[in-house]
1. Would you check if there is a residue in region 94-107 being among the small types (Gly, Ala, Ser) and surrounded by 12 or more Cβ atoms within 10 Å (Cβ to Cβ)?
2. Just wondering, is there one or more residues in region 76-97 that are of a type in the set (D, E, K, R), at pLDDT 95 or above and in contact with a strand residue (DSSP E or B) (Cβ under 7 Å, 6 or more places away or on another chain)?
3. Based on this model, can you work out whether THR46 counts as in the same structural domain as CYS84 (by TED's automatic domain parsing) and closer than 20 Å to ILE125 by Cβ?
4. If a residue has to be crowded, with 16+ Cβ neighbours inside 10 Å and under 16 Å from GLY203 (Cα atoms) to count, how many in region 217-231 make the cut?
5. As an exercise: evaluate VAL162 against (1) touching a Ser or Thr at 6+ places or on another chain (Cβ under 6 Å); (2) at pLDDT below 95; (3) buried (at least 17 other Cβ atoms within 10 Å of the Cβ) and give the number of the one condition it does not meet.
6. Are there any pairs, at least 6 apart or on different chains, whose C-beta atoms fall under 8 Å, with the first in region 19-35 and farther than 15 Å from MET137 by Cβ and the second among the charged types (D, E, K, R) and assigned to a loop (DSSP other than H, G, I, E, B), and if so, which?
7. Scan region 197-215 for residues that are farther than 11 Å from GLY134 by Cβ, surrounded by 14 or more Cβ atoms within 10 Å (Cβ to Cβ) and either not assigned by TED's automatic domain parsing to the domain that holds LEU168 or not hydrophobic (A, V, I, L, M, F, W, C) (or both) and jot them down.
8. Among all residue pairs at least 6 apart or on different chains, which show Cβ distances below 9 Å where the first residue, located in region 117-142, is in the same structural domain as ASP100 (by TED's automatic domain parsing) and farther than 13 Å from VAL77 by Cα and the second is among the β-branched types (Val, Ile, Thr) and assigned to a loop (DSSP other than H, G, I, E, B)?
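The values are calculated or read from the model by the stated rules, or taken from the named source; none is laboratory data. What you are looking at is a predicted structure, and each value in this text was computed from that prediction instead of being measured. Note: ideal-geometry Cβ built from the backbone for every residue, glycine included; neighbour counts use all protein chains shown.
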Amino acid sequence: MKPKVAFFDFTGCEGCQLNKLNFENELLDLLAHVDLVEFREAMDETSDEYDITFVEGSITTPACVERIHDIRRRTKVLVALGACAVNGGINAMKNIQPIDAVREAVYGKDKYRFATLPAMPVSAIVAVDHEVRGCPMSQPDFLQLFKALVMGKKPPTYNYAVCVECKLSENECLLTKGQVCLGPVTRAGCEAICPGVGQACIGCRGFIEDMNQEAMLNILTEKGLSVDEARKRLQLFNAYEVAV
């Protein structure tokens, strides 16, 4: 039997979900190998259990916590999809401010009507089996993981910097050109798509393990940023993952 596949979204822009629908040439081939049983962006049907579940968005409310536990209980394999689900993403920037100040800024006098939590990646609440990083999630990365899961193989993982992919692609280093690039500490797997077109890496794939935070801050300040600005660059997608 084909594996039952479902997609769910939590707090986020749903850009990763839309990015899956943009596969165009590959979409029909993907669907030929699975039974898509739940995907709010594309269908109305639902299911009680799943073999592979892809989850987008960060966990930001008590209702999110309850819902992700329910999904985890009903699926065999859970995949965090995109920056928000993998490492909290831009949503986690609210964690830098007092939670009551954030609620008041968003809801005003009605702030007490809406329960909220610091933004968290899915892995902060339940076990995550695999992840696809990026904002939005990288299509080549997703395809590799999807094919591996369907074929019963181990998906690839990345714990080396985007700089490695830049060197393999023979890209000119943007740091040497004066741009503020987070490639030295950001996880690869995107094929250095941004530096490849002259756009500095902004860290949307999260940071490599044991990244040298102080060294990266020093590089950024050497490029003309203040210490505060440098910290904000590191926090853009990684405020939950890295305290600065």
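1. Start the filter on region 94-107 by keeping residues that are among the small types (Gly, Ala, Ser), which leaves 101, 105.
Checking the rest, the ones that are also surrounded by 12 or more Cβ atoms within 10 Å (Cβ to Cβ) come to none.
No: region 94-107 contains no residue that is among the small types (Gly, Ala, Ser) and surrounded by 12 or more Cβ atoms within 10 Å (Cβ to Cβ).
2. Of the residues in region 76-97, the ones of a type in the set (D, E, K, R) are 76, 94.
Filter once more, keeping what is at pLDDT 95 or above: 76.
Filter once more, so that each one left must be in contact with a strand residue (DSSP E or B) (Cβ under 7 Å, 6 or more places away or on another chain): 76.
Checked region 76-97: at least one residue is of a type in the set (D, E, K, R), at pLDDT 95 or above and in contact with a strand residue (DSSP E or B) (Cβ under 7 Å, 6 or more places away or on another chain).
3. Details: in the same structural domain as CYS84 (by TED's automatic domain parsing): yes; closer than 20 Å to ILE125 by Cβ: no.
The answer is no for THR46.
4. 5
5. (2)
6. HIS33/LYS2; VAL34/LYS2; ASP35/LYS2
7. GLN213
8. Pairs found: LEU117/THR60; LEU117/THR61; PRO118/THR60; ALA119/THR60; MET120/THR60; PRO121/VAL128; VAL122/VAL128; CYS135/ILE202.
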